[in-house]
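The values are calculated or read from the model by the stated rules, or taken from the named source; none is laboratory data. Here the structure is a predicted model, which is why all the values come from computation and not from measurement. Here the Cβ is made from the backbone with ideal geometry for all residues, glycine too, and neighbour counts use every protein chain on show. Protein only, heavy atoms only, side chains kept; ligands, DNA and RNA dropped before computing areas. Shrake-Rupley method; radii C 1.70, N 1.55, O 1.52, S 1.80 Å.
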Amino acid sequence: MDQKVVDELARIVGDEFVSTRDDVLLTYSASASIGYDSVRPGAIVRPGSTQEVADILTVANKYKIPVTPRSGGSSLQGEAIPRPDGLVIELLRLKDITVFEDLRSVRVGAGITFGRLDKFLNQYDLWVPVYPESALVCTLAGNVAVNGAGPGSSTYGCIAEMVLGLEVVLPDGTIIQTGTEGNPNAPGPFLRYAFGPDLTGLFIGSLGILGIITSVSVKAFKKMHHFHYETYGFDRAEQTEKFLMDLKQNEIGVLFASIYEGEILSFFMDMVEVEFGIPKHEWPPFTISAILGRVREDQLKSDTELTKRICEELGGHVIGISELPRGEWDKRMWTFARTSYLHGWHWRILYHHQTPSNWHRSIEEIWAVMDKYGLLGHTAGFLTGHGSYNFYPHLYFDPQDREEEMKVREAHKELAQRLFKTGAVPFKLAPYWIEDVEEMKDYLNLIKTLKRVMDPNNIMNPGIFGEM
Amino acid sequence: MTEIDLEELMENLAQCRRCGICRDAVYEDMGFDGICPVWKNTAGFETSFMRGKLMIAIALLEGRLEKTADNAEALYSCSLCGNCTEICAAEFDPTKSLELARAVLSDIPNEVRDAIAERILTTNNPYVTDKKGKRDWVAELGFEPPTKADTLYYFGCTAGMKLPETAKAAAKLLKAAGIEFAVLEDEPCCGSVMIRTGRLQDAKENAKKVLESIQESGAKIVLVSCAGCLKTLRKDYPEKFNLSMPKVVHFVEHFLELVKSGKIKLKPLGENVKITYHDPCHMGRELGIYEEPRDLLKAIPGVELVEMETNRRAAMCCGAGGGLRSYDPELSKKIAADRVREAENAGAEIIANACPFCEQNLESGAKLIDSSIGVADIVDLIVDLIE
Amino acid sequence: MNKRIVSELAKIVGEEYVSTREDVLLTYSETASMAKDPVTPGAVVRPGSAEEVSQILQLCNKHKILVTPRSGGSSLQGEAIPKPDGLVVELLRIKGITLHKELRSVTVGAGMTFGELDKFLNQHDLWIPIAPESALVCTVAGNVAVNGAGTGSSAYGSIAEMVLGVEVVLPNGEIIQTGSEANPNAPGPFLRYAFGPDLTGLFIGSLGSLGIITKVSLKTYKRMHHFHYETYGFDTAEQAEKFLIEIKNNDVLPMFASIYEGPVLSFFMDMVGEEYGIPEHEWPDRTISMTIGRLREDQLKSDVRKAKEICEQLGGHVIGISELPQGEWDGRLWVFVRTCYIHGWHWRTLYHHQTPTNSHRSVEEITAAMDEHGFLGHTAGFLSGHASFNLYPHFYFDPLDREEEHMIRAAHDELATALYKTGAVPFKLAEYWKGRMEGMEDYMKLLSAIKEALDPNGILNPGVLGGI
Ligand SMILES: Cc1cc2nc3c(=O)[nH]c(=O)nc-3n(C[C@H](O)[C@H](O)[C@H](O)COP(=O)(O)OP(=O)(O)OC[C@H]3O[C@@H](n4cnc5c(N)ncnc54)[C@H](O)[C@@H]3O)c2cc1C
Ligand SMILES: Cc1cc2nc3c(=O)[nH]c(=O)nc-3n(C[C@H](O)[C@H](O)[C@H](O)COP(=O)(O)OP(=O)(O)OC[C@H]3O[C@@H](n4cnc5c(N)ncnc54)[C@H](O)[C@@H]3O)c2cc1C
Ligand code: SF4
Ligand code: SF4
């Protein structure tokens, strides 16, 4: 990168926090995304305040330098891979937390991870009840930028549902605050839909293409202390799918519920059974691992009983093994990372959403593609929100086997197209989803129009949604 | 009194806050499934339902809109069914206010309105320009009712001229029940349509004439078979014209009493005949007579009373009232067709009613959509059932 | 309006559905908004489909005709008053309801009112738990366009929280579908956050200035049948406000909870006490009228107990008069309109949100303004989601007294500034907020830029959205 630019950056953040060292650039050339090519940026900058971010973007805009916002670097679909000779703005130094007990909300800087926030809120007996499975590394801001989901989402939906407002630096350096805090006199974040159209939403799931989120305000809830862990067995996919919808329909506080198909569960058990202390069991064709949670104990009891009844009315049975869901929930900030890596494979992920009643369609396509390409893999997912189901299939490859990796990439692309045809929608939009879909042209055009007006020089994470 | 208090009218009109609930409210708990039949059966611009009509009325009254026949169209494209009044949350009666506005604005040209008034005033009926025919049905009765008696059957223009079978049935019923009754020699029109369309002064003169005729008959009770006559004689004459009337009773009310007290007994009409009852606006919303006709129908052996989606205070109108049938016959019939569909959807074989004016329009509506549903006055239904 | 354009319009929608008659134009010159000057448009058109809307907007764009989208015309803050010689596009003919039972959602055309939808869903024992108080006249689409709230919002938030996607016609005539339905293969609406940035939100609360909504997809819920109606008395505003926050913290489900200040309640009782059959009572300084609702009876009982406990812990008492909340809830589709009009006054409303713990600040400012200017009025409000409180003060004037009306207009606008300074935010960013939001210039600039990008000719409802 041009030294003049680097100097200007150094003037903004201090010499210490800008780097063009080869070794440093190398470490920013990749993220947790496996199965993606690395790209070497031109410089890294680590701003310490919103104003610094604004000043940096002003400079980047002036010199038309492509910018990659980066927080935890834990994204899995290449979202934070930089442009050649571009600038990575890493936001982990933005570390404020302010709690607003009266407003039932909390505001965090872009550098705050879920783990850190959870510990902080615990002092107040509060929590933000949605946890991506990468909670120990990923930031709230980064998760809002991709609109993540995870344990807790079965009741509360994706992280978008928690957001009350954002502080965002636009590509031209303007600092915008959305939600009630847009009013400088407001006591804090108490409502997302405050000033006309919902500009907050514009940045949720935007993968950093429209601006840099420097601070996130989210809802806080009284922490739950009453949980029930249970597994439910079914013979048929339809029963299993219906079970999830019925739980939602009957207002059961189901914090996290996953469907495991027999074969996948066996594979999974081989992997973690001993480590998680799960008793041996002849698992049925379909198992649901669920955690019910409530603020009040009597509510939990009522939910537990009704859940059993719904299960049995559908022809299922309560399995009575609680270790699986308990392992998932109690260690939710770590355990999933563990199960993702424990087996030694590398993988590519194809995050997507289905509605529960379409769950089996994703499974069918995933199996079909794995068969076709002769790949190993694994898929799991969980209920997310009102009527959706979040899938995260992994396609495995040997990290030392370049050919297999390329096969996985190809299979991955085909799978995306096949899933799209089943009615699935992306969990985190990536170009391979919609590139050639005629029906989505106008939709993409609208995003492009917005991008053009907010980022006329197209410096922010260009190409991440495809050609803009 | 026919003097309209303009200030009061303006105050009332100002009570409309243009909330728009009177357009198409669907409110299951209160039984509403749509409000304005005119809105529903026209191109549906704001002028078609009460909110717009009142805006037009105010603008005409304040001189902000030129007083032309075109500009007054909205005022007359309304059956004054009162459904909007029923749902209106404000402290005034929009339908009444519109009716009064028509009167105040009666200088705006309207050929239909004036021709009807002309006929009523000169020939005692709104339909034709001679008096012939209104009493023809009497000749077919087989007996000659007197012109003076304690009970007067005030048969009305529509029964007399358009649905003579109903008039005959009514007379036969009276005879069968052993009630001695009179029929006027030259029955004047009640003038309802003149009141509705704003010819208030003429209506008042006409009302006096009606009262005189009734008095001449010596009647202590005036029996009517028409909901319009009922409302006009029972309510409008005393309230609007300060006339003191003898008791005015609808056939349905009267015969329900007779059935209840066991004075007359009814034979079965058939087996499980599904009948629905259409509430005439003048009887239902205006006078609150909802249950009597239903009770009478239920008292007929073999009748299964089924209700339409909208009934009683929330009943959709047949489209005939308020002068609409003359002002815009096509629209009026379309509205009737809607009501017929509603009856069909209720599974009814017959739409019973208690108003020849409604009946006539419902029949037109049924014809419009080739419906085979039966339309019958309750009087027609029971006339042959008296044991 | 130019005859040629009118005949083009007639070609699109048919002669019957376009009008330039003087009387018709007059009836579109106003809405339910009181104390607003009427403006006569040049034509009114009533399209019957999204395709027709698209053609109309293309035509208007070509000829730079100003367009006012209009549905129920029940908005109170001048949002649907047309431009001189402009075109009103009235959307009531766009009907249609599609229920997606397995997705827990429903799609409605722009012409469907809440009352119609509620009746339809009731057949399936479902509902959308939020209803604006104008439910019998206002459309779901119109309510989304203003992001309304009402009964049910105390538990479920504003209508935005129900939306899963919209079909919208952009000013250039493009028809966009947002949410999971953007995927033409999707089984229907099951997720709002489906394809990158949340474009749905852009149209929520946009007051028709960014596009015309032709369809809305919403969440449905199993209909509740268990309610408890109660009044709670407190000596101070702080206690009452805290009560609401604690109710939310403890997961009690308040379908509708309002705070009534002593004098306001007395006034209110004089008006409707008898009509609603509410017993005479010495009301305390602050009364909370609350309907608690639950799907299951045991949950309801538990909530009722908890609410009482919280109330008493805060030093309040359960009043035991249920007629007030019951009247509000059971009659919710009509009763509030009645209360708004029964007294005979005309009024202007100043819709806004506070957080509950700040709601006394609104009452103070409103009372001060009434004292200073010497007008009558009334204010009430309700809990509207996670931690917000929706206030709808009415300022009365005699409709036949022009002078009083103008005094009210001035006082109203002044008060908007004062309320903003207390930290309130608009409920519907109507025109009068323009220039009254100090410190939000950059936010409004972004909004303007977006507006300009989507609507370069500025044809859609110009000036309405906070002056944009
Ligand atoms: C083992 C494992 C498990 C995972 N499980 C989940 C899961 O359960 N749920 C889930 O949602 N995700 C999961 N992820 C993916 C990942 O953690 C999330 O995408 C996370 O939100 C990324 O956050 P981050 O802070 O690491 O952001 P990064 O990876 O640094 O960035 C992610 C994207 O957001 C942009 N971005 C980052 N910060 C900002 C900002 N401040 N402003 C604007 N744009 C910004 C970047 O440009 C990039 O496009 C998992 C990842 C791993 C490694
Ligand atoms: C008595 C009374 C009580 C009320 N109570 C409430 C309440 O409790 N909560 C509440 O939220 N509101 C309330 N309102 C206000 C009003 O009903 C709402 O604002 C309502 O949402 C307006 O809907 P509408 O269909 O009547 O839209 P309109 O009034 O026709 O339009 C409202 C705005 O939306 C735009 N618009 C309309 N349709 C579309 C569309 N299809 N696409 C894009 N833009 C569009 C218009 O241009 C305008 O800016 C009340 C009104 C009255 C009269
Ligand atoms: S007449 Fe009544 S219901 Fe109709 S708009 Fe006026 S106030 Fe509303
Ligand atoms: S009286 Fe009937 S027809 Fe006339 S405006 Fe009211 S509802 Fe419509």
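Going through (1) within 25 Å of C:ASN358 (Cβ to Cβ); (2) open to solvent by 10 Å² or more (accessible area, probe 1.4 Å); (3) more than 7 Å from chain C (Cβ to nearest Cβ) one by one, A:TYR156 falls short only on (1). If you take just the helices (runs of 4 or more DSSP H) that sit entirely in region C:332-433, which of them hold at least 1 residues that are farther than 23 Å from B:ALA14 by Cβ and without any contact (Cβ under 8 Å) to a residue 24 or more places away in the chain? Where helices (runs of 4 or more DSSP H) fall fully within region C:332-433 and carry at least 1 residues being farther than 23 Å from B:ALA14 by Cβ and without any contact (Cβ under 8 Å) to a residue 24 or more places away in the chain, they are C:359-373, C:402-421. Of the residues making up region C:233-256, those that are assigned to a helix (DSSP H, G or I) and within 13 Å of chain A (Cβ to nearest Cβ) number 10.
For region C:263-275, which positions are in contact (Cβ under 8 Å) with a residue 40 or more places away in the chain and over 25 Å from the mean Cα position of the chain (by Cα)? Residue satisfying the conditions is C:GLU275 alone.
Screening the candidates B:ALA89, B:ALA139 for the property of being within 16 Å of ligand 2 (Cβ to nearest atom) and over 18 Å from B:ALA227 (Cβ atoms) yields one hit, B:ALA89. The number of residues in region C:129-161 being assigned to a loop (DSSP other than H, G, I, E, B), in contact (Cβ under 8 Å) with a residue 40 or more places away in the chain and within 14 Å of chain B (Cβ to nearest Cβ) comes to 6. Among the residues of region C:445-463, the ones that are of a type in the set (D, E, K, R) and more than 13 Å from chain A (Cβ to nearest Cβ) come to 0 in all. Of the set (1) in the same structural domain as B:CYS226 (by TED's automatic domain parsing); (2) under 28 Å from B:HIS278 (Cβ atoms); (3) surrounded by fewer than 17 Cβ atoms within 10 Å (Cβ to Cβ), all apply to B:ASP150 but (2). Taking each residue of region A:369-386 that is within 14 Å of chain C (Cβ to nearest Cβ) and looking for partners that are open to solvent by 20 Å² or more (accessible area, probe 1.4 Å) with beta-carbon atoms closer than 6 Å, six or more apart or interchain, yields A:HIS386/C:LYS219. Residues that are surrounded by fewer than 18 Cβ atoms within 10 Å (Cβ to Cβ) and part of a loop (DSSP other than H, G, I, E, B) within region B:5-42 comprise B:ASP5, B:GLY31, listed in sequence order. Count of region C:3-42 residues, restricted to those that are within 18 Å of B:GLU73 (Cα to Cα), in contact (Cβ under 8 Å) with a residue 60 or more places away in the chain and assigned to a loop (DSSP other than H, G, I, E, B), is 1.
Quick check on region C:263-279. Is at least one of its residues polar (S, T, N, Q), out of contact with any Ser or Thr (no Cβ under 6 Å at 6 or more places or on another chain), open to solvent by less than 20 Å² (accessible area, probe 1.4 Å) and more than 14 Å from chain B (Cβ to nearest Cβ)? Scanning region C:263-279, I find no residue that is polar (S, T, N, Q), out of contact with any Ser or Thr (no Cβ under 6 Å at 6 or more places or on another chain), open to solvent by less than 20 Å² (accessible area, probe 1.4 Å) and more than 14 Å from chain B (Cβ to nearest Cβ), so the answer is no.
Run B:ILE108 past the list (1) part of a loop (DSSP other than H, G, I, E, B); (2) out of contact with any Phe, Trp or Tyr (no Cβ under 9 Å at 6 or more places or on another chain); (3) open to solvent by 10 Å² or more (accessible area, probe 1.4 Å) and report the number of the one that doesn't hold. B:ILE108 satisfies every listed condition except (3).
Of all residues in region A:110-127, those satisfying the criterion of being open to solvent by less than 10 Å² (accessible area, probe 1.4 Å) and closer than 25 Å to A:ALA186 by Cα are A:ALA110, A:GLY111, A:ILE112, A:LEU117, A:LEU121, A:TRP127. When C:ALA368, C:ALA387, C:ALA416 are checked against the criterion of being among the aliphatic types (A, V, I, L, M) and more than 14 Å from chain A (Cβ to nearest Cβ), C:ALA368 stands alone in meeting it. Only residues that are within 17 Å of B:CYS19 (Cα to Cα) and in a helix (DSSP H, G or I) were counted across region B:43-61, and they come to 12. If I ask for residues that are polar (S, T, N, Q) and open to solvent by 20 Å² or more (accessible area, probe 1.4 Å), which ones from region A:20-39 would you list? Matches in region A:20-39: A:THR20, A:THR27, A:SER31, A:SER38.
For the criterion of being within 11 Å of another protein chain (Cβ to nearest Cβ) and at pLDDT below 95, C:THR339 passes.
Could you say which residue among A:PRO171, A:PRO189, A:PRO197 is more than 10 Å from chain C (Cβ to nearest Cβ), open to solvent by less than 10 Å² (accessible area, probe 1.4 Å), modelled with pLDDT of 95 or more and part of a loop (DSSP other than H, G, I, E, B)? Answer to the selection: A:PRO171.
Based on this model, can you work out whether B:ASP295 counts as modelled with pLDDT of 95 or more, of a type in the set (Asp, Glu) and open to solvent by less than 40 Å² (accessible area, probe 1.4 Å)? No, not satisfied. Screening B:THR122 with (1) in the same structural domain as B:MET161 (by TED's automatic domain parsing); (2) under 21 Å from the mean Cα position of the chain (by Cα) gives one miss only, at (2).
Taking the stated definitions as given, is B:ALA59 at the interface with chain C (Cβ under 9 Å from one of its Cβ atoms), touching a strand residue (DSSP E or B) at 6+ places or on another chain (Cβ under 9 Å) and open to solvent by less than 20 Å² (accessible area, probe 1.4 Å)? The answer is no for B:ALA59. Checked against the criterion of being of a type outside the set (Ser, Thr, Tyr), away from every other protein chain (no Cβ under 14 Å) and part of a loop (DSSP other than H, G, I, E, B), region A:284-291 contains one or more residues that satisfy it. Of all residues in region C:111-133, exactly one satisfies the criterion of being within 23 Å of C:LEU210 (Cβ to Cβ) and small (Gly, Ala, Ser), namely C:GLY111. Close contacts from region C:285-301, counting a first residue that is of a type in the set (Asp, Glu) and a second that is surrounded by fewer than 24 Cβ atoms within 10 Å (Cβ to Cβ), with Cβ to Cβ under 7 Å and a gap of 6+ residues or different chains, come to C:ASP285/C:PHE234; C:ASP285/C:ASP235; C:ASP285/C:THR236; C:ASP285/C:GLY262; C:GLU297/C:HIS226; C:ASP298/A:SER302. Would you confirm whether or not region C:63-75 contains a residue that is within 16 Å of ligand 3 (Cβ to nearest atom), open to solvent by less than 10 Å² (accessible area, probe 1.4 Å) and assigned to a strand (DSSP E or B)? Yes, region C:63-75 has at least one match.
Among residues of region C:276-304 being under 26 Å from the mean Cα position of the chain (by Cα) and in a loop (DSSP other than H, G, I, E, B), the one that is farthest from C:ILE342 (Cα to Cα) is C:LEU295.
Among the residues here, A:ARG332 does not qualify as open to solvent by 20 Å² or more (accessible area, probe 1.4 Å), in a helix (DSSP H, G or I) and within 16 Å of A:PHE227 (Cα to Cα). Please tell me if C:PRO132 is at pLDDT below 95 and over 21 Å from A:GLU161 (Cα atoms). It is false that C:PRO132 is at pLDDT below 95 and over 21 Å from A:GLU161 (Cα atoms).
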